[in-house]
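Report on the structure given below.
The values are calculated or read from the model by the stated rules, or taken from the named source; none is laboratory data. Model, not experiment: these values are computed from the prediction. Neighbour counts are summed over all protein chains in view; Cβ atoms, including those assigned to glycine, are modelled from backbone coordinates with ideal geometry. Please note that ligands, DNA and RNA were not included when accessible areas were found on the heavy atoms of the full protein model with its side chains. Shrake-Rupley method; radii C 1.70, N 1.55, O 1.52, S 1.80 Å.
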Amino acid sequence: MKAVQYRAVGSAPEVVTVPDPEPGPGQVLLQVTAAGVCHSDIAVMSLPVEAIGFPLPLTLGHEGAGTVAALGPGVVGVNVGDPVAVYGPWGCGVCIKCAAGKENYCLRAAELKIFPPGLGAPGAMAPYMIVDDARHLVPLGDLDPVRNVPLTDAGLTPYHAITLSLPKLVPGSTAVVIGSGGLGHVAIQLLRRMTATRVIALDVSEDKLALARQVGAHETVLSNDGAPERIRALTGGRGAEVVLDFVGAPPTTSIAAAAAAIEADITVVGLGGGAVSVGFGTLPYETTVTSPYWGTRAELIEVLDIARGGGVEVHVETYTIDEAPLAYERLHAGKINGRAVILPDP
């Protein structure tokens, strides 16, 4: 079968032929119907050799959806033919974090060399993939897998970030979304659906700001040196109670710090290498800075329920598996408006 792989450090993704996988004990074979393309893949492919903790080549794709094709010995909880989405942050299943449903914060994953699909384990950019345990599958029901596969990361990650700040997202508050692309345009919709906050969206691209307005942003601001002053003008000088940075580069984390109100939450989600300095006098009083990772399986179920009710719609561009390298090129160049989705060949 064809697969999109990252084969050597510093190389571009390639479409190659690999053997069809077969499920072992406790495993599920998934026939993939859609796989999402994510900036996290580019971040991984930008790591130096000493920072990569898993072997190459790697089949990419940590956003996956499909139909259960076969069950390994001992599998219960799913049936052949079930339409499912893949919950990506795999954990050990037994540590205290996993017991609480927080496999994204598994305490033993590194020790046991448990990797997410597409970020260490073979991912979804192939006609078939192995899912290590049935608990990492979530029913899709009648949701379109192509339009909703990005919700496994681009929906789950902002949803988790927003839930951390729900007590502050009250009427009269302001939330700033930095980066209105793949995750950001979903975050705007979730903020509008889940809260009464006013949403200000930032991006360097007018096309992405147009998308932000289309999906519900109250205000849009170009992401540049003048952005903090503009945000303070829009908030009567107060600043934003919640700042969600889906870029995480040094220029955007600087904007986040400068735009925060007293008692604000600054949440750095993006992998751009930026940081927010914390210390008395460096931020407004009692500002909280956090950097969450993905979300829980229960939260993915909740995100899919929001989509089922029409509360969030991902803007997608589709590509064949042979066009996957082009999709990564366009993503790296900032030319994807929304989310790219790969449709594997049967």
Practice item. Scan around ALA249 for amide H atoms under 5 Å from its own, H built in the peptide plane at 1.01 Å from N, and keep only partners 5 or more places away or cross-chain. Key: GLY272, GLY274
**Study point:** Exposure of LYS113 as accessible area (Å², to 10), given a probe of 1.4 Å and all protein chains
**Key:** 140 Å²
Revision key, fill the gap. Phi-derived 3J(HN,Hα) across region 17-28 with the Karplus relation (6.51, -1.76, 1.60, θ = phi - 60°), rounded Hz, x for Gly and Pro, is 9, 10, x, 5, x, 10, x, x, x, x, 9, 10
Check your understanding: When the accessible area of region 216-320 is computed with all protein chains present and a 1.4 Å probe, what percentage of it is carbon and sulfur?
Key -> 53 percent
Study note, to complete from the structure: Whole-Hz Karplus couplings 3J(HN,Hα) for region 285-293, θ = phi - 60° and coefficients 6.51, -1.76, 1.60, Gly and Pro as x, run 3, 6, 7, 9, 10, 9, 9, x, 10
**Study point:** Estimated distance in nm for a label pair at VAL9 and ALA196, the labels positioned 7 Å out from Cα along Cα-to-Cβ
**Key:** 5.4 nm
Exercise for review: Alpha carbons only, please: Rg and Dmax for region 205-346, in angstrom.
Suggested key: 17.6, 58
Practice item. Starting from the Cα of ARG238, move 7 Å in the Cα-to-Cβ direction to define the label point; list residues of region 184-207 whose amide nitrogen is under 16 Å from there. Key: 196-200
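Provide, for the chain, the number of lysine pairs with alpha carbons under 29 Å apart, each pair being eight or more places apart or on different chains. Write out the running numbers ahead of the final one.
Details: LYS2/LYS113; LYS2/LYS335; LYS97/LYS113; LYS97/LYS168; LYS102/LYS113; LYS102/LYS168; LYS168/LYS208; LYS208/LYS335.
Lysine pairs meeting the criterion: 8.
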Practice item. Pairs of Cα atoms under 8 Å, at least six residues apart: use those to get the relative contact order of the chain, whole percent. Key: 19 percent
Point to revise | HN-Hα J in Hz across region 53-67 - Karplus 6.51, -1.76, 1.60, θ = phi - 60°, x for Gly and Pro | key: x, 9, x, 10, x, 10, 6, 7, x, 9, 10, x, 8, x, 10
Exercise for review: Using a 1.4 angstrom probe, figure out how much accessible area the chain has per residue, in square angstrom, rounded to the nearest whole.
Suggested key: 41 Å²
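Would you kindly state the longest site-free stretch of the chain, with sites defined as GluC sites (Glu not before Pro) in a DSSP loop (not H, G, I, E, B) surrounded by at most 16 other Cβ atoms within 10 Å? Before the final figure, lay out the partial values.
Numbers: sites that count: GLU286, GLU313.
The answer is 1-285.
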Point to revise | For the chain, calculated [θ]222 nm from helices alone, where every DSSP H run of n ≥ 4 adds -39500 (n - 2.57) | key: -6500 deg cm²/dmol
Check your understanding: Of VAL32, VAL242, VAL316, which is the most mobile in a GNM of the chain whose springs link Cα atoms less than 10 angstrom apart?
Key -> VAL316
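Normalising by the residue count of region 121-276, find the relative contact order in percent from Cα pairs under 8 Å and 6+ residues apart.
Values: 267 pairs, mean separation 29.0, N = 156.
Contact order relative to length: 19 percent.
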Exercise for review: Could you list which residues have their amide H under 5 Å from that of VAL316, counting only those 5 or more apart in sequence or on another chain, with H placed in the peptide plane?
Suggested key: ARG339
Check your understanding: Over the chain, what is the percentage of antiparallel beta bridges among all DSSP beta bridges, to the nearest 5?
Key -> 50 percent
Review point. How far, in nm, would the chain grow between CYS92 and VAL49 when pulled straight, counting 0.36 nm per residue and subtracting the alpha carbon separation?
Key: 12.9 nm
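For THR67 and ALA275, what does the FRET efficiency come to when R0 = 35 Å and r is the distance between their Cβ atoms, rounded to the nearest 0.05? Numbers along the way, then the final one.
Numbers: r = 42 Å, r/R0 = 1.20.
My answer for the efficiency is 0.25.
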Point to revise | Range of Cα positions in the chain per principal axis (Å), largest first | key: 61, 40, 38
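Full-extension gain between GLU317 and HIS332, please, as 0.36 nm times their residue separation minus the C-alpha to C-alpha distance.
On the way: separation 15, 0.36 × 15 = 5.40 nm, distance 1.47 nm.
In short, 3.9 nm is gained.
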Study note, to complete from the structure: Interchain or sequence-distant (5+) residues whose placed amide H lies within less than 5 Å of the amide H of THR33 are ALA65, GLY66, THR67
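For region 58-182, what is the convex hull volume of the alpha-carbon atoms per residue, in Å³?
152 Å³
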Study note, to complete from the structure: A correct Stokes-Einstein calculation for region 134-255, using the alpha-carbon Kirkwood radius, 10 °C and 1.306 mPa s, returns a whole-number D in µm² s⁻¹ of 107 µm²/s
Review point. Helix 184-194: angle to the longest alpha-carbon principal axis of the chain, degrees 0 to 90, nearest 10?
Key: 70 degrees
Practice item. Starting from the residue with the highest accessible area, list ILE262, ILE231, ILE114 in decreasing order, probe 1.4 Å. Key: ILE262, ILE114, ILE231
